[in-house]
1. Tell me the angle of helix B:58-67 to the major Cα principal axis of chain B, expressed in degrees between 0 and 90 and rounded to the nearest ten.
2. I'd like the orientation of helix B:5-23 relative to chain B: the angle between its Cα long axis and the longest Cα principal axis, in ° from 0 to 90, rounded to 10.
3. Which angle from 0 to 90°, rounded to the nearest 10, does the C-alpha axis of helix A:42-52 make with the longest principal axis of chain A?
4. State, in square angstrom and to the nearest 100, the accessible area buried between chains A and B, both chains counted, probe radius 1.4 Å.
5. What does the charge dipole of the protein assembly as shown about its Cα centre add up to, to the nearest 20 debye, if the Cβ of each Lys and Arg holds +1 and the Cβ of each Asp and Glu holds -1?
6. Only helical DSSP H runs with n ≥ 4 go in: add -39500 (n - 2.57) per run for chain A, normalise by residue count and round the 222 nm mean residue ellipticity to 500 deg cm²/dmol.
7. Below 8 Å between Cα atoms, with a sequence gap of 6+, how large is the relative contact order for chain A in percent?
8. Tell me, what is the 1.4 Å probe accessible area of B:Leu26, in Å² to the nearest 10?
2 protein chains.
Amino acid sequence: MEQNLENTVALLERTPAALDALLRDLPEKWTDNNEGENTWSVRAVLAHLIHADEEDWMPRAKMILSAGETQTFATFDRDGHLLYSKDKTLAQLLDEFARVRAKALGELLEMKLTAEDLERRGRHPSFGSVTLSELLATWAAHDMTHLHQISRIMAFQYREAVGPWARFLGVMQCAGHSAAA
Amino acid sequence: MEQNLENTVALLERTPAALDALLRDLPEKWTDNNEGENTWSVRAVLAHLIHADEEDWMPRAKMILSAGETQTFATFDRDGHLLYSKDKTLAQLLDEFARVRAKALGELLEMKLTAEDLERRGRHPSFGSVTLSELLATWAAHDMTHLHQISRIMAFQYREAVGPWARFLGVMQCAGHSAAA
């Protein structure tokens, strides 16, 4: 299906509550362990989602509207989430994600984007010309890639505990890891 | 980490609310489309989770305690969910999943399982001897494999809408699909 603002926002506005219901007060073994060296814990993913809402999606959307392709998006620092998770409990990160997401969606709605606006273009530092519509679709799909990652990180903690079932569980065979963009 | 009843239950009891927060009242385009021929929609996954709670996990746990390896688990029908989703709205399926999960966890807690009980064995129709502990760990990991699948099905709906970002989103490269077991 094509990007549609109503569908995109419907998904974006649900993610914080879904993660809250899944993660709040869960034993730390689920949320503070990762998938091995140089991989992220659930905590880190949550901090990354906050970071991306603050410094990636809406700043890029605003740049498309104000400058079009004459400016290139700032490169997004994939390690920038470390700053956001420092000294924060998981509960605080969940609260923070709900807050920044609501703020970002409020700003998005205030833009009163038209079908023409959605076809306006900006410049991505890696792959050049992109539309505002593609950026917004990616924002929603990015939530899904990280929900996908969170479920995989959590399943990974039981990779031995499940015994012979491991090879039948798709989540334990997943190699769909996101790349920096 | 090893299977631990407290950790397992903590995860199992959160899944229905997480799916509720993610999916209730979401536009049907997200929940009624699938990933192509012979794949499941989000609706179908939800019906499968209900079906598995009713006919797989707890019936197998009870059989381990009552009969050990002298009986073989009934084969689980991976198409059995069709019966559960027929004529039901997504909202009804969410309500139903919350209900059957709460009932199943109530029964699990009433078993007052000891460490010895968790090492008791049953017989799986495909791969033979398994412990109760492995069965319970798989129940939780099975929630995660289907949350993983749900996020992938939803991301798939925007595979074209995201334009050049598609190849950077791990969820769009995932080949970690579950097999029947």
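The values are calculated or read from the model by the stated rules, or taken from the named source; none is laboratory data. Keep in mind the model is a prediction, meaning the values are calculated, not measured. Note that we place each Cβ from the backbone using ideal geometry, even for glycine, and neighbour counts take in every protein chain shown. Side chains are part of the model used for accessible areas, which takes the heavy atoms of the whole protein and leaves out ligands, DNA and RNA. Shrake-Rupley method; radii C 1.70, N 1.55, O 1.52, S 1.80 Å.
1. 20 degrees
2. Around 30 degrees separate the two axes.
3. Helix A:42-52 sits roughly 10 degrees off the main axis of chain A.
4. The contact between B and A buries close to 5200 Å².
5. That gives a dipole near 300 debye.
6. -16500 deg cm²/dmol
7. Averaging sequence separation for qualifying contacts and normalising by length gives 30 percent for chain A.
8. Approximately 10 Å² for this residue.
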